[in-house]
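Below is one structure; the comments refer to it alone.
Read the figures in this text as sums done on the coordinates, not as results from a lab. Remember, predicted model here, so these are calculated numbers, not experimental data. Here the Cβ is made from the backbone with ideal geometry for all residues, glycine too, and neighbour counts use every protein chain on show.
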Amino acid sequence: MAIIEAASENFDELVNSAEYVMVDFYGDHCGACAWTAPYYREAADDMAFIKFIQVNTSVHRDLAKRFKIMGIPAFQYYHNGELVHKSVGGMDLEQIHKQLSELLYHA
């Protein structure tokens with residue numbers, strides 16, 4: 001499944017349009033973001049039942065401010081439009097799958 005690039009105008013609609021959503025807040029000049037990107041794309045391809053969204057904080061600073069993003073990459077996990085988990089830092093595919101299991105099986 002393709003990763004959707006979110007903007008201020010469509011962020012809420014995107015998050016509320018699927019049962020499970022993972023959001024990646026990244027920046028243009030972030031080494032950890034560039035390192036994580038291929039794993040994020042692979043996870044999106046593997047798990048089509050989850051909506052994968054990206055927000056470029058270099059462009060959409062208002063969203064970074066709204067969600068108090070202090071470090072990138074930062075990830076948010078939503079279930080039925082409700083924020084259920086957050087994490088910060090680069091991840092490989094195994095770590096992304098672990099984080100998603102928390103989204104899928106949250107209490």
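Annotations for the structure displayed:
- All-pairs Cα distance distribution in region 4-104, expressed in whole percent, bin size 10 Å: 16, 55, 28, 0
- Taking the centroid of alpha carbons for each part, region 43-101 and region 1-28 are 8 Å apart.
- Exposure here means at most 15 other Cβ atoms within 10 Å; with GluC sites (Glu not before Pro) in a DSSP loop as sites, the longest stretch of the chain lacking them is 20-107.
- Shown here for region 18-107: trypsin sites (Lys or Arg not before Pro) in loop regions (DSSP other than H, G, I, E, B) with at most 13 other Cβ atoms within 10 Å, namely LYS68.
- Stretchable slack from ASP62 to VAL88, in nm (0.36 nm times residue separation minus alpha-carbon distance): 7.5 nm
- Close amide H pairs (under 5 Å, H built 1.01 Å from N) link VAL84 with TYR77, TYR78, HIS79, residues at least 5 positions away or on another chain.
- Residues TYR78, TYR20, ranked from the fewest to the most other C-beta atoms within 10 Å, line up as TYR20, TYR78.
- Each other residue within a Cβ distance under 15 Å of TYR40 adds +1 if Lys or Arg and -1 if Asp or Glu, for a net charge of -4.
- In terms of surrounding Cβ atoms within a 10 Å radius of their Cβ, SER101, SER87 rank from fewest to most as SER101, SER87.
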